[in-house]
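Reviewing the structure listed below.
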Amino acid sequence: MFGGQPIALVLAEDWETARFAASLVHIEYETDAHFTNLLTERDNAFVVQKPEKPRGDAAKAYAAADVRHEAEYFVPMEYHNPMELFASTVVWDGGGKLTVYDKTQGVQNVQRYVCSVFGMDPDDVRVMSPFVGGGFGAGLRPQYQVVLAVLGALMLERSVRLVLTRKQMYGLGYRPATIERLSLGAKDTGTLDAIAHQAIAVTSQFEEFSRNDTGWSDLLYKCANTRLEHRLARLDVPTSADMRAPGAATGVYALECAMDELAVALKLDPVQLRLRCYSERDQTGDIPYTSKQLRECYRQGAAAFGWEKRSPEPRSMRDGSELVGWGMATGVWEALQMPATVRIVLTANGHAEVASAASDIGTGTYTIMAQVAADMLGLPLENISVKLGDSTLPPCPLEGGSWIAASVCNAIANTSADVRKELLGLASRMKDSPLAGLAPEDVVLSEGRIVSRQDMSRAVSISDAMRYSKVDQITLEKANSFPADDAHARNTHSAIFAEVKVDEQLSVIRVTRIVDAVAAGRILNLKTAHSQVMGGVVWGIGMALHEEALTDHRFGRIMNANIAEYHVPVNADIHDIKVIFVDEPDEIINPLGIKGLGEIGIVGVAAAIANAIYHATGKRVRDLPITLDKLQR
Ligand code: MOS
């Protein structure tokens with residue numbers, strides 16, 4: 001059992017009656033010992049992930065290092081808090097068929113789940129989620145409300161809607177509280193000899209959930225000796241979950257604070273330290289990256305921030321009654337791509353419908369799909385309509401891991417290539433066709449026409465080609481295809497520079513400026529990309545200063561299960577955020593050079609702020625959030 005676990009469902013004709021009736025349910029519990037505190041349960045944690053083999057001998061190298069830094073960092077339980085509550089509306093279509101409107105990051109995933117739980121046929125369960133009011137990972141797993149709503153609909157043979165309360169949202173998954181222990185050993189010239197990274201994270205009594213917290217410490221910097229370990233502590237809580245940049249948000253926070261502390265010990269500028277440890281190769285696999293413009297991120301970020309004006313001593317910069325601190329950190333995330341299929345229906349009037357069972361959780365998936373399709377099909381943007389969030393559409397993975405842009409857009413490219421081939425076939429058939437004899441790779445689709453690459457005057461309009469053969473529409477469906485490539489590492493990177501101002505008497509902290517320079521392959525849409533990264537930075541500010549689910553361990557219950565007391569940044573907390581996209585052409589990763597952006601925006605931000613707070617105050621707070629009471633201690 002755990003606080004927030006669903007134990008009964010009350011259904012009524014209307015919401016108010018159901019809520020009232022639920023308040024009348026009397027439950028008697030047998031009490032049992034419970035454990036909800038990671039800090040007291042850390043010694044019972046078990047090893048869940050170890051690297052295949054440690055690199056070199058980290059303990060020996062650490063002992064022999066000129067300069068050492070070892071410390072523990074802590075990230076508390078944090079919640080996704082999407083504005084939209086989790087909710088499911090199950091429409092009873094008769095004959096045992098259901099249409100389920102669900103808040104989810106993957107309609108086909110929910111469909112598979114419902115079918116497996118209730119033994120239903122996929123043809124009888126259609127899951128819809130055309131718009132999602134925020135997900136951040138909370139909607140990756142089907143949540144319990146969809147199961148309960150389907151159960152109710154099947155039992156009553158009628159439609160059921162179930163909406164969670166904000167408090168109930170705190171009974172779902174969360175970013176696991178994690179203790180991160182980092183040991184760094186370096187030469188006095190500022191190169192790394194040893195990195196050891198141990199993570200101890202929370203999971204439930206009934207499932208093991210863990211993500212890659214420690215691998216980043218192995219991957220990122222040049223270092224011959226590394227040792228990693230990931231442990232899990234079972235607590236009487238729900239299972240922890242993916243939350244924006246799972247693993248990296250916590251693990252890289254610790255690594256990048258530790259690097260800052262090492263820089264202090266070395267009396268070296270923090271950017272300089274990163275440059276001395278810079279690696280052109282993935283250190284884990286000892287392979288090159290498809291592209292890595294992190295050096296440019298440091299350079300452009302530092303220039304835009306004005307980093308060269310930093311005076312290195314803590315407490316050496318001021319603005320009136322406030323201490324000023326400048327800190328920086330590196331961010332890193334994966335550039336993943338997954339199988340996805342896209343269907344294009346092109347009609348003779350020059351309109352194309354592009355469809356895949358993807359989600360748009362506010363990231364701009366609709367927009368970039370339309371853009372890429374318009375470009376590939378040579379049609380104006382307004383002639384493209386995009387369909388997604390419907391389980392009956394061609395297969396698509398969950399929207400997560402920042403992989404949707406690369407996955408879906410490369411599927412659009414493949415399908416569009418087939419459309420072009422089909423259109424060329426039709427055009428070539430025309431009497432005295434100007435395109436006769438050309439191969440598909442000899443033509444492009446542009447401005448509603450099929451055009452020879454060599455000679456732009458050789459062209460046939462798409463409409464004419466289709467009408468000539470009396471074809472009203474062309475419907476084609478194709479998956480993406482990525483060459484198998486184990487020879488390259490695929491990652492996105494960022495350099496974050498933060499300015500804080502801390503009131504000297506009251507310790508009130510303001511994050512007055514952030515510059516985040518991001519290298520993430522081809523940027524498809526500056527506006528949606530900028531919003532993604534800016535949102536990640538805002539969340540990084542929340543992580544650094546505000547966010548924390550507080551449990552009363554006597555009762556095993558969260559005390560601040562609402563967004564009045566679980567503080568997320570509001571407008572007043574946010575000042576100047578500048579996002580820079582560093583040019584990063586990538587001809588290896590996939591045909592369109594796309595890497596994805598949803599998650600890199602948060603990684604490293606909390607570390608840059610924590611480092612800035614140290615620089616401002618001379619006080620190192622390693623457990624998040626950095627609240628003013630911790631600075632006053
Ligand atoms: Mo994200 S945590 O991959 O939805």
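Any read-out appearing in this document is the output of simple, stated calculations on the displayed coordinates, not a laboratory observation. Everything quoted here is computed from the prediction, not taken from an experiment. Virtual Cβ from ideal backbone geometry, glycine too; neighbours counted across all protein chains shown.
Full extension of the chain between Thr627 and Asn560 gives 22.5 nm of extra length, using 0.36 nm per residue less the Cα-Cα distance. Annotation: peptides 311-322, 405-416, ranked by per-residue average of other Cβ atoms within 10 Å with the highest first, follow the order 405-416, 311-322.
For the chain, what proportion of DSSP beta bridges, expressed in % and rounded to the nearest 5, is antiparallel? Antiparallel bridges make up about 75 percent of those DSSP assigns within the chain.
At 20 Å minimum axial length over the Cα atoms and a Kyte-Doolittle cut of 1.0, report the qualifying DSSP H helices in the chain, or say none.
In the chain, the long hydrophobic H runs are 248-266.
Overall, the chain carries a charge dipole of about 780 debye about its Cα centre when +1 sits on the Cβ of Lys and Arg and -1 on the Cβ of Asp and Glu, all other atoms neutral. Placing a label point 7 Å from the Cα of Asp121 along the Cα-to-Cβ direction, the residues of region 145-174 whose backbone N falls under 18 Å of that point are 154. Here the calculated FRET efficiency for Ile574 and Val471, from their Cβ-Cβ distance with R0 = 60 Å, stands at 0.70, rounded to the nearest 0.05. Here region 229-301 is described by how far its Cα atoms reach on the three principal axes: 45, 33, 24 Å, from widest to narrowest.
This model, with +1 at the C-beta of Lys and Arg and -1 at the C-beta of Asp and Glu, gives region 186-267 a dipole about its Cα centre of some 140 debye. Residues whose amide H lies under 5 Å from that of Lys578, counting only those 5 or more places away or on a different chain, are Ile514, Val515, Asp516; hydrogens are built 1.01 Å from N in the peptide plane.
Expressed to the nearest 5 percent, the antiparallel share of DSSP beta bridges inside region 64-143 is 55 percent. Among the GluC sites (Glu not before Pro) found in region 240-313, those both in a DSSP coil and sparsely packed, with 11 or fewer other Cβ atoms within 10 Å of their Cβ, are Glu280.
Using R0 = 30 Å, the C-beta based FRET efficiency linking Lys309 and Asp66 works out to 0.55. For Asp93, nonlocal amide neighbours, meaning residues 5 or more places apart or on other chains whose placed amide H falls under 5 Å from its own, are Leu98, Thr99. With the alpha-carbon atoms of the chain aligned to their principal axes, the span from lowest to highest coordinate is 83, 66, 51 Å, starting with the largest.
Each Lys or Arg adds one and each Asp or Glu subtracts one; over the other residues with Cβ under 14 Å from the Cβ of Gly171, this totals +3.
Projected label points at Val47 and Thr17, each 7 Å from Cα along the beta carbon direction, are separated by 5.9 nanometres.
Distance from the C-alpha centroid of region 192-219 to that of region 418-489: 49 Å, rounded to the whole angstrom.
Excluding same-chain neighbours fewer than eight residues apart, the lysines reachable from Lys470 by a Cα-Cα span under 18 Å are Lys421, Lys431.
When ranked by the protection proxy of mean other Cβ atoms within 10 Å per residue, highest first, what sequence do the peptides 282-292, 548-558 form?
The densest-packed peptide leads the list: 282-292, 548-558.
Fully extending the segment from Gln505 to Thr392, taken as 0.36 nm per residue of separation minus the present Cα-Cα distance, adds 34.7 nm. Between Asn349 and Arg112, the C-beta separation translates, for a Förster distance of 45 Å, into a calculated FRET efficiency of about 0.75. The distance between label points at Ala59 and Arg318 comes to 4.9 nm (points 7 Å beyond Cα on the Cα→Cβ vector).
Taking every DSSP bridge with both residues inside region 480-633, close to 70 percent are antiparallel. Label separation (Asp32 vs Leu275): 5.8 nm, computed from points 7 Å beyond Cα along the C-beta direction. Couplings 3J(HN,Hα) of region 32-49, computed from phi: 9, 5, 9, 10, 10, 10, 4, 5, 8, 9, 4, 6, 8, 5, 10, 6, 10, 9 Hz, in residue order, whole Hz [Karplus 6.51 cos²θ - 1.76 cosθ + 1.60, θ = phi - 60°; x for Gly and Pro]. Peptides 57-63, 354-360 ranked from most to least packed by the mean count of surrounding Cβ atoms within 10 Å: 354-360, 57-63.
How high is the relative contact order of region 45-136, in percent, with contacts defined as C-alpha pairs under 8 Å that are six or more residues apart?
Values: 78 pairs, mean separation 23.0, N = 92.
Taking the mean separation of contacting Cα pairs over the length of region 45-136, I get 25 percent.
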